[in-house]
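Down below is the structure, laid out as structure tokens.
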Amino acid sequence: MTIGHHPGDETLLRLAAGRLGAGPALVVSVHLEGCATCRARLAGFEAVGGAMLDGMPPAALSSDLFGRTMERLEDMPPTPMKDPAPKRQAALGMELPRAMRGCEVGPWRWLGPGFRWSKVGIAGSPEAKVMLLKGKAGLHLPAHGHTGQEYMQILSGSLSDERGRYLPGDLDEADDRVDHRPVVGQDADCVCLAALEGDTRLHGLLGRLLRPIVGF
């Protein structure tokens, strides 16, 4: 599989530094599963960060730090063990990527003729705006823009807009300067994983009808 669209350097730097939100981090992690190029880029950024930390002078620790840390650990309630096995979602009719282990994924819900969505929940990050989207072959998706960054990973099928064509494995980043109306390829239905920083600006009557349903 040839991947033609990748996350930018800033996105991978934020991921390496732990400053990328849970939703975008999930989408990028799914991309990394199938992209050796981006895994190598991420490893390079992590190596640079590690070298910078190694070069910093050590900081003095307070004499009672160990005791206070142990007290805090004793006061913490036990963390229940969770099943790390990947969740097969029969209602979706597909196997989830490995990076989505432990995510709460809902059933497909109606968004419009030939258009479905499924809410994705990330443990410990209830504020994350993540969803699976599924469009029928040839479908014109609603015209929209963004108040922040949108991250979209193509899982199957294809999407096109005025900026290019996106195939399985591709990751698209669309910021607040992008207004588009993606079109699903004619050859197959398209399924993609999307995360938002900010909100979606849906245009027209259909957009106003869909906003209360999705809530993003």
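At a glance:
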{"quantity": "Residue within segment 144-156 that is farther than 27 Å from residue 2 by Cα and touching a helix residue (DSSP H, G or I) at 6+ places or on another chain (Cβ under 9 Å) present", "calculated": "yes"}
{"quantity": "Per-region count, segment 103-121, residues open to solvent by less than 30 Å² (accessible area, probe 1.4 Å) and either free of Cβ contacts under 8 Å to residues at least 12 places away in the same chain or within 26 Å of residue 32 (Cβ to Cβ) (or both)", "calculated": "7"}
{"quantity": "Positions within segment 167-190 being more than 16 Å from the chain's Cα centre (by Cα), open to solvent by less than 40 Å² (accessible area, probe 1.4 Å) and within 23 Å of residue 23 (Cβ to Cβ), in sequence order", "calculated": "178, 180, 182, 184, 190"}
{"quantity": "Condition met for residue 100 (at pLDDT below 95, closer than 30 Å to residue 167 by Cα and under 18 Å from the mean Cα position of the chain (by Cα))", "calculated": "no"}
{"quantity": "Filtered residue count, segment 91-102, keeping only those that are in contact (Cβ under 8 Å) with a residue 40 or more places away in the chain, open to solvent by 30 Å² or more (accessible area, probe 1.4 Å) and either in contact with a strand residue (DSSP E or B) (Cβ under 8 Å, 6 or more places away or on another chain) or part of a loop (DSSP other than H, G, I, E, B) (or both)", "calculated": "1"}
{"quantity": "Residue that is modelled with the lowest pLDDT, among those in segment 17-66 that are open to solvent by less than 40 Å² (accessible area, probe 1.4 Å) and farther than 24 Å from residue 123 by Cβ", "calculated": "50"}
{"quantity": "Total residues in segment 122-150, condition among the small types (Gly, Ala, Ser), over 22 Å from residue 162 (Cα atoms) and surrounded by 15 or more Cβ atoms within 10 Å (Cβ to Cβ)", "calculated": "1"}
{"quantity": "Residue in segment 198-207 that is within 23 Å of residue 109 (Cβ to Cβ), touching a strand residue (DSSP E or B) at 6+ places or on another chain (Cβ under 7 Å), of a type outside the set (D, E, K, R) and at pLDDT 90 or above present", "calculated": "no"}
{"quantity": "Filtered residues of segment 163-204 (kept if among the polar types (S, T, N, Q) and assigned to a strand (DSSP E or B))", "calculated": "200"}
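The values are calculated or read from the model by the stated rules, or taken from the named source; none is laboratory data. Please read these numbers as outputs of a predicted model, since none were measured by experiment. FYI the Cβ positions are ideal-geometry reconstructions off the backbone, even for glycines, and counts take in every protein chain you see. Surface areas here come from the heavy atoms of the whole protein model, side chains and all, with no ligands, DNA or RNA. Shrake-Rupley method; radii C 1.70, N 1.55, O 1.52, S 1.80 Å.
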